[in-house]
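Working notes, structure below.
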Amino acid sequence: MANEVLTAKQVQERYPGLGVSQQETACLDPDAGTLRADTAVRCLQDLFVKYGGIIRDGENVITIVPESGTKVRIETANSVYCAQSAVLCAGPWTSKLLAPLNLVLPLRVLRITPCYWSEKHEGMYSFKHFPCVIELAHSGRNGDMYSLPCKEYPGLMKVCWHHGTAADPDKRDVSSAGAERDVQAISQYIAFRYPGLETEPSIVETCMYTETPDLCFILDRHPQFKNIVIGAGFSGTGFKLAPVVGKILASLALNEHINYSLKPFSIGRFTKSHL
């Protein structure tokens, strides 16, 4: 992978909007970029429909009921569906849907607070002039920090903490002291790291992470009901791998050969998971 290691002086010369201390260095990946999530999701949905899929959006799943070893019944708020197999990718609701199936996974649901911060000088943090930045966690802070140049909202840079507080996904928009502390921590971080940004966010949003203890995915069949396939614990990092993850989950559901070792993603790696 192409990369370039920059000293603090080189960082400041190349990216004057990035504050660095003299002992810091940076690794630049010239081939890195960002995915436009909304556009990518629409593209995948369009392809799904093109090849015969049917999307039932906004339809809450109430329960999943195994019927013998060859059928699964899915009851929603609007209808009932029966199939030979089912793939469960319910994000932060995974544990709630698996509980009636006697499966407990060590999933932790976190509320994350993405924030968008206004430029003091127009264009300083545009995609044309500024890179995406990932700052790895260190002894003084839990969780990585990351930023994306201004694109989603004109003149607003996304700076977020890859960290959050425990939350109920059905109450994600309820204000909490933890979320307020997270925003304050990001504001203090911005004051040094991004001196060209205002330290009060212009937009504050919420999203949900679902983490496993080792921060690695779960891609596996239910230990008892083999025609129920589970994809979970994507920890805020799974979207970019959606095509290959989808291929693996579909292959599991269809009992097709898989060319990858799924041992790192197995349910069995968690000794506390139980039937």
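The listed peptides 62-70, 186-194, 44-52, ordered by packing as a protection proxy, come out as 186-194, 62-70, 44-52 (highest mean of other Cβ atoms within 10 Å first).
With protein chains left intact and a 1.4 Å probe, residues in region 161-247 average 49 Å² of accessible area per residue.
Sequence neighbours fewer than 8 away in the same chain don't count; with that in mind, list the aspartates and glutamates whose C-alpha is under 18 Å from K71. Result set, ordered by chain and number: D220, E256.
Within the accessible area of region 202-243, the carbon and sulfur atoms contribute 61%, probe 1.4 Å, all protein chains present. Just checking the listed ones, Q23, Q12, Q224: in the Gaussian network model of the chain with Cα springs under 10 Å, the one fluctuating most is Q23.
Annotation: per residue accessible area for region 1-134 equals 65 Å², rounded to a whole number [probe 1.4 Å, protein chains only]. The candidate values are (i) 21.4, 66; (ii) 34.6, 117; (iii) 18.8, 62; the one derived from this structure for Rg and Dmax of the Cα atoms in Å carries the label (i). Dividing the summed -39500 (n - 2.57) terms of all DSSP H runs of n ≥ 4 by the residue count of the chain sets its mean residue ellipticity at 222 nm at -6000 deg cm²/dmol. When the solvent-accessible area of region 62-125 is split by element, carbon and sulfur atoms take up 55 percent of it, the probe being 1.4 Å.
Residues within the reach of a label modelled at Q184 (point 7 angstrom out along Cα to beta-carbon, backbone nitrogen below 20 Å), restricted to region 200-239, are 200-206. Cross-link partners of K158 among lysines, defined as those whose alpha carbon lies under 19 angstrom from its own and excluding same-chain residues fewer than eight positions apart: K120, K128, K240.
Straight Cα distances below 18 angstrom link K50 to the lysines K247, with same-chain residues fewer than 8 positions distant left out. Computed over the chain with a Gaussian network model linking Cα atoms closer than 10 Å, the most mobile of G53, G155, G196 is G53. Of the trypsin sites (Lys or Arg not before Pro) in region 82-188, the ones in a loop by DSSP (not H, G, I, E or B) with at most 11 other beta carbons within 10 Å are K128.
Each of the peptides 239-252, 27-40, 207-220 was scored by the mean count of other Cβ atoms within 10 Å over its residues; in descending order, highest first, they stand as 207-220, 239-252, 27-40.
Length gained on full extension, L44 to D31, computed as 0.36 nm times the residue gap minus the Cα-Cα distance: 2.3 nm.
The values are calculated or read from the model by the stated rules, or taken from the named source; none is laboratory data. Note that this is a predicted model, so its numbers are computed, not measured. Glycine gets a Cβ as well: all are built from the backbone with ideal geometry, and neighbour counts include every protein chain shown. For the accessible areas, the whole protein counts, side chains as well, though only heavy atoms, and no ligand, DNA or RNA atoms are used. Shrake-Rupley method; radii C 1.70, N 1.55, O 1.52, S 1.80 Å.
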